[in-house]
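K.L.:
First the structure, which I've put down as C-alpha cells, then a few questions once you've had a look.
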Amino acid sequence: MFWLQPFIAAFTGWFTTWIAIFMLFHPKNPRRFLGITIQGIFPKRQKQFATKLGNVVATELIHFSEIAEQLKDPEHLKSLKPLIENHLDNFLQVKLKEKLPVISMFVGDGIMGKIKEGMMEEIEQLLPEIILHYTDSMTNKVDIEKMVTDKVSNFSSDKLEEILLAVMSKEFRFVELIGGVLGFVIGLIQMGLSFL
C-alpha cells in the first residue's frame, strides 16, 4: 500500500483537475449545495463573456474600413468584370431592344460595343466609390458589438460548451495530464519524506 502512494496522488491530481475543468461548464443552472449556490463559470458568466467578446470583435477584429480596402482591391474588382459584362450584354442586346425596338434599326453592333465599353469604364471607376460609400454607411447602421453580444448571449449552455470544447479540448486534456503528473511527483516526494 505504501508504494501506491504516488499513484493515488497522481489519480487525486488528475481527478481534482478534471473536476475543476468540469465545473467550468457544470452545473449549467444554479444549484444549492450545503447552503452554497454553485454554477459553472461559463454558464454563470455567459452575459459578461458575450459582452466582452462583442466588444473585442467590434474594436479589434472587424472594421468596415478594412473590409472596404479588401473589396476595392483591383484583383477582387477584376473578378467581378465578367459578371458585369454579361449583365451589360444582356441589357444592351436583349432588354434595351425589347424596351426600345427602334434602337436595333439605327444602332448597329459596333456602336453597341462602344456603348458597352464606355459603360464598363464608368462602372470600373465607380465601383470603388460605391463600395466605400456602402461600407461607410454600414459602419453607422450595423452594430457589430451588439450583434455578436446578442448571438453569444442567446447560445444555449450546451452550444457554448460545445464551441469552447472544440477550441480548447486538447488544452484541457493537457491540464488534466499535468495535474496527474504533479500529483505523482508530490506522491513520490511524500514517499521519500516518509523514509527520513
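The values are calculated or read from the model by the stated rules, or taken from the named source; none is laboratory data. From a predicted model like this one, the values you see are computed outputs, not experimental measurements. For neighbour counting, all protein chains shown are included, and Cβ atoms are generated from backbone atoms with ideal geometry for every residue, glycine included.
K.L.:
Output the number of the condition that K97 fails; it satisfies all remaining conditions of (1) touching a Ser or Thr at 6+ places or on another chain (Cβ under 7 Å); (2) modelled with pLDDT of 80 or more.
P.N.:
Failing condition for K97: (2).
K.L.:
Also, I was wondering about something else. Give me the residue from the stretch 39-58 that is among the aliphatic types (A, V, I, L, M) and in contact (Cβ under 8 Å) with a residue 12 or more places away in the chain and, out of that set, farthest from F155 (Cα to Cα).
P.N.:
Selected residue: A58.
K.L.:
Further question on the same structure: Please go through the stretch 137-149 and give me each residue that is part of a helix (DSSP H, G or I) and either surrounded by 13 or more Cβ atoms within 10 Å (Cβ to Cβ) or within 14 Å of the chain's Cα centre (by Cα) (or both), ordered by number.
P.N.:
M138, T139, I144, E145, M147, V148, T149, listed by residue number.
K.L.:
So is I123 of a type outside the set (F, W, Y), in contact (Cβ under 8 Å) with a residue 60 or more places away in the chain and within 22 Å of E85 (Cα to Cα) or not?
P.N.:
no
K.L.:
Right, E161: surrounded by 13 or more Cβ atoms within 10 Å (Cβ to Cβ), under 19 Å from K28 (Cα atoms), modelled with pLDDT of 80 or more and acidic (D, E) or not?
P.N.:
yes
K.L.:
Looking only at the stretch 72-89, decide whether some residue is within 30 Å of K151 (Cβ to Cβ), assigned to a loop (DSSP other than H, G, I, E, B) and in contact with a helix residue (DSSP H, G or I) (Cβ under 6 Å, 6 or more places away or on another chain).
P.N.:
no
K.L.:
Would you mind stating whether S153 is among the small types (G, A, S) and farther than 26 Å from L71 by Cα?
P.N.:
Yes: the conditions hold for S153.
K.L.:
Let me ask something else about it. Taking interchain pairs and intrachain pairs at least six residues apart, which have beta carbon atoms under 9 angstrom, with the first residue in the stretch 85-109 and over 26 Å from L127 (Cβ atoms) and the second of a type outside the set (G, A, S) and modelled with pLDDT under 75?
P.N.:
The qualifying pairs are K97/I103.
K.L.:
Any idea which of I131, I163, I115 is closer than 30 Å to T51 by Cα, touching a Leu at 6+ places or on another chain (Cβ under 8 Å), of a type in the set (V, I, T) and part of a helix (DSSP H, G or I)?
P.N.:
After ruling out the rest, the residue left standing is I131.
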